Amino acid sequence: MKRISNRSFGIQQGSRTLFSDFAVDGVMWTGQGEREIRQPVTFPEPFQALPAVMVAIAMWDMDHNTNPRADIRSDNITTTGFDIVFRTWSDTRIARIRADWTAIGTVQDDEVWEVV
């Protein structure tokens, strides 16, 4: 369990189109080759400690003639960002994917001053 011990925590959210392979005959649409994509996300403001990051598919456009197979996750989480990782396999053909993300964690409390 991730516990937030102080009263200053932040929630940041975003949305990202990961690819539109149907427009360029890319590997996700042709169903050939390594089919994993990583998209780096930089937080608008850094967290004080590693945040909890959730990623979900917000929109998918897939070929109806093949089975829909998808795996989406966050990876390489830091206080300043993370990677969205999407992959598919076998004969699945994906035209495009949009992912939404939410990060929750501790942030600097503007009321706490550090005297040096």
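The values are calculated or read from the model by the stated rules, or taken from the named source; none is laboratory data. Note that the coordinates shown come from a computational prediction; the quantities given were computed from them, not determined experimentally. Every residue, glycine among them, receives a Cβ derived from its backbone with ideal geometry; neighbour counts consider all protein chains shown. To get the accessible areas, we keep the full protein, side chains included, count just its heavy atoms, and leave off ligands, DNA and RNA. Shrake-Rupley method; radii C 1.70, N 1.55, O 1.52, S 1.80 Å.
Some notes on this structure:
- Residue match in region 77-92 (condition: out of contact with any helix residue (DSSP H, G or I) (no Cβ under 7 Å at 6 or more places or on another chain), open to solvent by less than 30 Å² (accessible area, probe 1.4 Å), assigned to a loop (DSSP other than H, G, I, E, B) and modelled with pLDDT of 95 or more): no
- Screening residue 70 with (1) small (Gly, Ala, Ser); (2) more than 18 Å from residue 9 (Cα to Cα); (3) modelled with pLDDT of 95 or more gives one miss only, at (3).
- Figure legend. Inter-residue proximity from region 19-33: first residues more than 15 Å from residue 97 (Cβ to Cβ), second residues modelled with pLDDT of 80 or more and assigned to a helix (DSSP H, G or I), beta-carbon distance below 9 Å, spacing 6+ or different chains. Indicated pairs: 33/27.
- Test result for residue 41, assigned to a strand (DSSP E or B), in contact with a Gly (Cβ under 8 Å, 6 or more places away or on another chain) and modelled with pLDDT of 85 or more: yes
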